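Engineer: I have a structure here, written as structure tokens, and I will follow up with some questions on it.
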Amino acid sequence: MSANASSVVRAGDALGYGTTHGHAARRVVAGAGRGVLMSVAILQVDLAQPLPTLQTGGRRGGAQWILVKLGPQPLGWVCCDAKQFGKSIGPDALLKLIYGTLSRRIQLVSRERGHDKPIALTRTPFSIVICTRGGGAAGAALERQLQGIAKLRTPSFEVIVVDRAAAANLAGVCETFPFVRYAHDPRSGVNYARNTGWQLARGEIVAYLDDDAIVDPHWLNALAANYDDDHGADSQVNCVTGLFLPREATAEPREQDFSRRVYRAGTWNTTFPFDAVTRVGAGVNLSVRRQTLEAMGGFDVALSGRGGELDLFVRILRDGGAIVHDPRAICFGAIPTTSGQLRQRMFDDGIAFTSCCAKHAYDLELGNHAIRMLARWFRQRLVAAVRPRQRDFSCDAVVAELVGGVIGLRAYGRAARRVRRDQPKFSGRDMTPREIPLRGAAAANRKAA
Amino acid sequence: MKIQVEQLDLLAPWHAITMRAGYYAVRVTVRLGAIPIGGVFVRPVRTRVVRHDRLRRRIARECGSAIAKLLGLAAVRDVEEVLLSSGVPEPIRGAFVEAHSQRSWPTPGVTVAIYTRDRADVLEACVRSLQQLDYPNFDILVLDNSHDPVPTRERAEKLGVEYIRCLASGAGRARNAAVEQSRSEWIAFLDDDCRPERNWLKELVRAAQDADCRCVCGPVRPAKLESSADIAFAMHGGFPNGFTHRVLTPASLDCSLTRPAPAWRFGSTANLLVHRVFIQLAGGFDVDLANDEEADLFYRAILAGHTVHYTPLAIVAHQRAWTRKSLRHWIRASAGAAAIYHVQRVLRYWDYRSLIELAWHRPLALARALASAIRGRSRYPWSLLLVEFRGMIAGPVTHAAMRLRRLGKSNAAKSQARRPNRKLGATPIPSPDPATLTYGAPPRNPSNRAA
């Protein structure tokens, strides 16, 4: 490995979005506004490319977090303190800093995998499903996202945009990309849209992305490498999740070992698989075999978005499937930047988690796990609410999560009844997932092709 | 989750067991010839192969004392040495086979009554397995409780077995019809989803050689554990599945001051042999008990001075595939029937120990099981414990409501006819032949009986 062969990009800069997205301009210092969290842009450094001079920046001289990668494989985080290095840090100092922090990890990864082994291009047909609710800035965000997907180093894939609002601007954006199909699902709930996505998919693997996620160029190949038998991966893998990283950090990034992990039925301890979201991954960067989704009936529409993906993980593991978490499949997304957003997110997470546990509480195999996990979850949150040292977030966010958890205990039953009640209403209409044909130049080109 | 079910005969050559794809673990029933010794649960996570060495160690650890006793070994630590992959070595094997093959016993006539309900194909497989039995003197009687009798009747005619159509619903009523119909000395009851082993009837009759014996029951082993519901049912212990010979005697009534006689869950009607004249005099099965009618029969047998045997050698394999719904329904009905059984012991026989069992021991056991399930010490689903508790409460209440409704609808003569015989606990079925049998009137209180 050569120290000269390194490079630096912002999160998402590999696609050319880093500067246009304007992380530095959006950086908000603490105290700049009431209820606004301090956010710092995250940089990434690839040791397989020449190392550049980094502008550590920051009028207040704060810390800059750098994600160090070796090719597609993330190695770890390095904190670059502006007080120590000044406004910029040269390649030598950066190399010294990286080796001082991650030397053991670099040696380990070099020995185990070999940085010169590239991820092979996959021939597996993929369908990328993006579920969006439309809205004012959704068109621009979707365009950025699709531009990033267009640069994926994967020969065969399609993108299905499932719009829940039937916004005209989104259809216009979709027309400009030849690989995009557009569908409309008016039903409320992201899991309806997810199910519409896989029902329309033509690919063997369905990959789900959030509407604000930006993918790494290696993302799809890294996901596919876990499904392909000729890569030495397991043939019984039903689901592969990737690494989700924030485009901006509002807190110190958590320690992660960035290693590939395989989860199978029966490997759980007293609480797994109900803590699967924190271990396995999340729906923001998720891929599932279409055959598996068909067999399982897709996502549970009575659960909210995060609850739906947790429920999917739980059912896959319960039914004898395997889930792989591969950190090489990276995507970047937005995280709450204000305390109000954080509270809302924690509240939603509380509802999603406890409603999923409540759904499985009467399961013959996982019922005991669900009850234990619920008891542990509430105990941890109660302790965190009264002890500041036990929590990562502010007290109001933890309390919001607790309140959401209490509401979620009965939310699933109510939602399931509502879904059953609405079923005749939907069945009266033709709710078969249907693609809306695009009429733009791209569609004409597609026809000609 | 699925568990692979395997059988292993230690006398025959045996090697490694390979776990099939999609299975979580392997459950091995260990046998010495026809004698079941015990069960071993192994989980080969990485290799998916249970090697001979590992299996031998596990068998020696968990079934060592039983094997040593049967093979006549001096010490339990010698067991591992005789468990070879080629089978038990010859001198010991020969001695064992010789000791267990020279016995013979009378083979009286037996009517095998198969209860079925809308499952003609399952019934046919059951009859086919019965036709493989090594018992010389038995006939087969199909008790049909189906909504549509035509398929079952045609299948019975095709198979050449006797057929009874029971219009009244309920397995107890159908089995009582079989008691009236049969002319054999013994009646064996079997469910249509049970597959008996070849020596099943012979081993049941062998246990009935005891002169006081009137009922013999055997284990009902799950043939497959292919779903979580199957596994939960096996953990619940719904059907008797022990590996030791047990006997209920009149002394069992007074064996404890606080515990009732363990007739409850001693056996099952899915694998039961009953003396015909005894059950006729006893009035047949109590039709109000949905699942525990055999417990009531056992209780009345030991109350009349007879014995009830459980033999682990008469094995039937239960082929039923449980679902979550059917399992919950079965557990609720079973808990309700057990509660009714205990209430009946209190009201009919003034057995205060059943009251203690119902009001203290059973709720306490359920509470402990619930605590251990929630704490992770047990894998039995907590929701089924709640179902059981609800069934235990609701069973006597619904039974009382049903009795009151029945009393209100029927006239005095009918209610008099339905009143159970206090001597043997239920209304006698006509046409008994009591000349050769004498039954003493049971005392009202077992403690008075001892005096």
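The values are calculated or read from the model by the stated rules, or taken from the named source; none is laboratory data. Every value quoted in this text rests on a predicted model; they were computed, and no experiment measured them. Every residue, glycine among them, receives a Cβ derived from its backbone with ideal geometry; neighbour counts consider all protein chains shown.
Engineer: Run down B:Ala75, B:Ala16, B:Ala25, B:Ala68 and say which single residue is among the small types (Gly, Ala, Ser), buried (at least 18 other Cβ atoms within 10 Å of the Cβ) and touching a helix residue (DSSP H, G or I) at 6+ places or on another chain (Cβ under 8 Å).
Structural biologist: Numbers: B:Ala75 fails: buried (at least 18 other Cβ atoms within 10 Å of the Cβ); B:Ala16 fails: buried (at least 18 other Cβ atoms within 10 Å of the Cβ); B:Ala25 fails: touching a helix residue (DSSP H, G or I) at 6+ places or on another chain (Cβ under 8 Å).
Sole residue among the options that is among the small types (Gly, Ala, Ser), buried (at least 18 other Cβ atoms within 10 Å of the Cβ) and touching a helix residue (DSSP H, G or I) at 6+ places or on another chain (Cβ under 8 Å): B:Ala68.
Engineer: Which residue is surrounded by the fewest Cβ atoms within 10 Å (Cβ to Cβ), if the candidates are limited to the stretch A:365-394 and must be more than 13 Å from every other protein chain (Cβ to nearest Cβ), without any contact (Cβ under 8 Å) to a residue 24 or more places away in the chain and closer than 29 Å to A:Val190 by Cβ?
Structural biologist: Filtering first and then ranking leaves A:Gln380.
Engineer: Which is assigned to a helix (DSSP H, G or I) and over 24 Å from the mean Cα position of the chain (by Cα), of A:Phe378, A:Phe353?
Structural biologist: On the way: A:Phe353 fails: over 24 Å from the mean Cα position of the chain (by Cα).
Only one candidate qualifies: A:Phe378.
Engineer: For B:Ile231, work out the one condition from (1) buried (at least 24 other Cβ atoms within 10 Å of the Cβ); (2) within 20 Å of B:Ala337 (Cβ to Cβ); (3) within 14 Å of chain A (Cβ to nearest Cβ) it doesn't fulfil.
Structural biologist: (2)
Engineer: Continuing with the same structure: Looking at this structure, is A:Tyr227 within 19 Å of A:Gln147 (Cα to Cα) and either at pLDDT 80 or above or within 14 Å of chain B (Cβ to nearest Cβ) (or both)?
Structural biologist: So A:Tyr227 fails the test.
Engineer: Against the definition (surrounded by fewer than 19 Cβ atoms within 10 Å (Cβ to Cβ), modelled with pLDDT of 80 or more and touching a Leu at 6+ places or on another chain (Cβ under 9 Å)), how does A:Asp92 come out, yes or no? Let's see the steps before the verdict.
Structural biologist: Values: surrounded by fewer than 19 Cβ atoms within 10 Å (Cβ to Cβ): yes; modelled with pLDDT of 80 or more: yes; touching a Leu at 6+ places or on another chain (Cβ under 9 Å): yes.
So A:Asp92 passes the test.
Engineer: In the stretch A:356-396, how many are polar (S, T, N, Q) and touching a Ser or Thr at 6+ places or on another chain (Cβ under 7 Å)?
Structural biologist: Step one: filter the stretch A:356-396 for residues polar (S, T, N, Q), giving A:368, A:380, A:390, A:394.
Cutting the leftovers down to touching a Ser or Thr at 6+ places or on another chain (Cβ under 7 Å) gives us A:394.
The total comes to 1.
Engineer: Is there a residue in the stretch A:160-174 that is part of a strand (DSSP E or B), touching a residue at least 12 places away in the same chain (Cβ under 8 Å) and touching a Lys or Arg at 6+ places or on another chain (Cβ under 6 Å)?
Structural biologist: From the stretch A:160-174, those part of a strand (DSSP E or B) are A:160-163; that's our starting set.
From the residues that got through so far, the ones that are touching a residue at least 12 places away in the same chain (Cβ under 8 Å) too are A:160-163.
Add one more test, that the residue is touching a Lys or Arg at 6+ places or on another chain (Cβ under 6 Å), and what stays is A:160.
Within the stretch A:160-174, one or more residues are part of a strand (DSSP E or B), touching a residue at least 12 places away in the same chain (Cβ under 8 Å) and touching a Lys or Arg at 6+ places or on another chain (Cβ under 6 Å).
Engineer: Return the only residue of B:Ser129, B:Ser101 being hydroxyl-bearing (Ser, Thr, Tyr), in contact (Cβ under 8 Å) with a residue 40 or more places away in the chain and under 30 Å from B:Leu32 (Cβ atoms).
Structural biologist: Numbers: B:Ser101 fails: in contact (Cβ under 8 Å) with a residue 40 or more places away in the chain.
Criteria check complete, one pass: B:Ser129.
Engineer: Considering only residues that are modelled with pLDDT of 90 or more and basic (Lys, Arg), look in the stretch B:1-50 and name the one that is farthest from B:Leu225 (Cα to Cα).
Structural biologist: Taking the candidates together, the pick is B:Arg31.
Engineer: Condition (residue is more than 13 Å from chain A (Cβ to nearest Cβ) and out of contact with any helix residue (DSSP H, G or I) (no Cβ under 7 Å at 6 or more places or on another chain)) applied to the stretch B:386-396: is it met by at least one residue?
Structural biologist: There is at least one residue in the stretch B:386-396 that is more than 13 Å from chain A (Cβ to nearest Cβ) and out of contact with any helix residue (DSSP H, G or I) (no Cβ under 7 Å at 6 or more places or on another chain).
Engineer: Exactly one of these conditions fails for B:Arg265: (1) at pLDDT below 90; (2) touching an Asp or Glu at 6+ places or on another chain (Cβ under 7 Å). Give me its number.
Structural biologist: (2)
Engineer: So, in the stretch B:211-228, of the ones that are surrounded by fewer than 19 Cβ atoms within 10 Å (Cβ to Cβ) and either touching a Pro at 6+ places or on another chain (Cβ under 7 Å) or closer than 20 Å to B:Ala321 by Cα (or both), which residue ends up farthest from the other protein chains (Cβ to nearest Cβ)?
Structural biologist: B:Ala223
Engineer: For the stretch A:193-219, which positions are at pLDDT 90 or above and among the aromatic types (Phe, Trp, Tyr)?
Structural biologist: The answer is A:Trp198, A:Tyr208.
Engineer: Could you please let me know if A:Arg290 is in contact (Cβ under 8 Å) with a residue 12 or more places away in the chain, buried (at least 22 other Cβ atoms within 10 Å of the Cβ) and away from every other protein chain (no Cβ under 14 Å)? Write out each step before concluding.
Structural biologist: Details: in contact (Cβ under 8 Å) with a residue 12 or more places away in the chain: yes; buried (at least 22 other Cβ atoms within 10 Å of the Cβ): no; away from every other protein chain (no Cβ under 14 Å): yes.
Here the answer is no, as A:Arg290 does not meet what is asked.
Engineer: Look through B:Arg332, B:Arg353, B:Arg320, B:Arg324 and report the one residue that is among the basic types (Lys, Arg) and touching a Pro at 6+ places or on another chain (Cβ under 6 Å). Break it down stepwise before answering.
Structural biologist: On the way: B:Arg332 fails: touching a Pro at 6+ places or on another chain (Cβ under 6 Å); B:Arg320 fails: touching a Pro at 6+ places or on another chain (Cβ under 6 Å); B:Arg324 fails: touching a Pro at 6+ places or on another chain (Cβ under 6 Å).
Criteria check complete, one pass: B:Arg353.
Engineer: Would you mind finding the one in B:Val247, B:Val205 that is in a strand (DSSP E or B), of a type in the set (A, V, I, L, M) and either surrounded by 19 or more Cβ atoms within 10 Å (Cβ to Cβ) or under 15 Å from the mean Cα position of the chain (by Cα) (or both)?
Structural biologist: Being in a strand (DSSP E or B), of a type in the set (A, V, I, L, M) and either surrounded by 19 or more Cβ atoms within 10 Å (Cβ to Cβ) or under 15 Å from the mean Cα position of the chain (by Cα) (or both) holds for just one of B:Val247, B:Val205, which is B:Val247.
Engineer: Which pairs have Cβ atoms under 6 Å, sit 6 or more apart or on different chains, and link a residue in the stretch B:368-383 that is facing chain A (nearest Cβ under 7 Å) and surrounded by 16 or more Cβ atoms within 10 Å (Cβ to Cβ) to one that is polar (S, T, N, Q) and part of a helix (DSSP H, G or I)?
Structural biologist: B:Ala373/A:Asn368; B:Trp382/A:Asn368
Engineer: Tally up the residues in the stretch A:326-364 that are surrounded by fewer than 20 Cβ atoms within 10 Å (Cβ to Cβ), within 14 Å of chain B (Cβ to nearest Cβ) and of a type in the set (D, E, K, R), please.
Structural biologist: Total satisfying the criteria: 1.
Engineer: Name every residue in the stretch B:1-60 that is assigned to a strand (DSSP E or B), of a type in the set (Gly, Ala, Ser) and more than 14 Å from chain A (Cβ to nearest Cβ), in order of residue number. Spell out the reasoning first.
Structural biologist: We begin by selecting, within the stretch B:1-60, every residue assigned to a strand (DSSP E or B); these are B:3-9, B:17-18, B:25-32, B:35-42, B:49-50.
So of that shortlist, the ones also of a type in the set (Gly, Ala, Ser) come out as B:25, B:38-39.
Within the stretch B:1-60, B:Gly38, B:Gly39 qualify.
Engineer: I've got another one for you. Taking A:Ala222, is it in contact with an Asp or Glu (Cβ under 6 Å, 6 or more places away or on another chain), surrounded by 17 or more Cβ atoms within 10 Å (Cβ to Cβ) and either closer than 21 Å to B:Val45 by Cα or at pLDDT 85 or above (or both)? Steps first, answer last, please.
Structural biologist: Values: in contact with an Asp or Glu (Cβ under 6 Å, 6 or more places away or on another chain): yes; surrounded by 17 or more Cβ atoms within 10 Å (Cβ to Cβ): yes; either closer than 21 Å to B:Val45 by Cα or at pLDDT 85 or above (or both): yes.
Yes, satisfied.
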